[in-house]
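These notes are about the structure you will find just below.
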Amino acid sequence: MKDQNAPRCDTTVIHGDIVAEVRENMPPEEQLFNLAEFFKVFGDTTRIRILYTLFQSEMCVCDIAHLLDMSQSAISHQLRVLKNAKLVKFRKKGRVVYYSLDDDHVKAIFDQGYQHILES
């Protein structure tokens, strides 16, 4: 069902100068695709919960699984997705693997999104 009150353009005039300027500044399609794939990682509540956990402290899979009341294999799977997206990193200490945020950008992205939803 279409919203009859939705704003729309009732003319066929193309503002060529604006279109050309925007086209010139548009990133390559591959970069836009990669950006879309990056943001898809944030589209899972479990991954968001894991990221929020890692904002507080570096943690091992066992601790994250216990905290979030999930299986270690489920947490490991989500950590692999986050690691592939370069959102988390890991270090080994003996037989234990500890996970943490990859860099400060991760928290900044999360904080910006969180602030946005709080404004609604």
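The values are calculated or read from the model by the stated rules, or taken from the named source; none is laboratory data. The model shown is predicted, which means the values in this text are computed figures rather than measured ones. Positions of Cβ are generated from backbone atoms using ideal geometry, with glycine treated the same way; all protein chains shown enter the neighbour counts.
Yes or no: segment 46-57 includes at least one residue that is out of contact with any helix residue (DSSP H, G or I) (no Cβ under 7 Å at 6 or more places or on another chain) and of a type in the set (Lys, Arg). Talk me through it step by step, then tell me what you get.
Step one: of segment 46-57, the residues out of contact with any helix residue (DSSP H, G or I) (no Cβ under 7 Å at 6 or more places or on another chain) are 52, 54, 56-57.
Next, from what is left, pick out any that are of a type in the set (Lys, Arg): none.
Within segment 46-57 (the criterion being out of contact with any helix residue (DSSP H, G or I) (no Cβ under 7 Å at 6 or more places or on another chain) and of a type in the set (Lys, Arg)), the answer is no, since none of the residues qualifies.
In this structure, does THR12 turn out to be in a helix (DSSP H, G or I) and of a type outside the set (A, V, I, L, M)?
Details: in a helix (DSSP H, G or I): no; of a type outside the set (A, V, I, L, M): yes.
Spelling it out, it is not the case that THR12 is in a helix (DSSP H, G or I) and of a type outside the set (A, V, I, L, M).
Hey, any hits in segment 64-78 for a residue that's touching an Asp or Glu at 6+ places or on another chain (Cβ under 8 Å), modelled with pLDDT of 95 or more and of a type in the set (Val, Ile, Thr)?
Going through segment 64-78, the residues touching an Asp or Glu at 6+ places or on another chain (Cβ under 8 Å) turn out to be 78.
Adding the requirement that they be modelled with pLDDT of 95 or more leaves 78.
Add one more test, that the residue is of a type in the set (Val, Ile, Thr), and what stays is none.
No - not one qualifying residue is present in segment 64-78.
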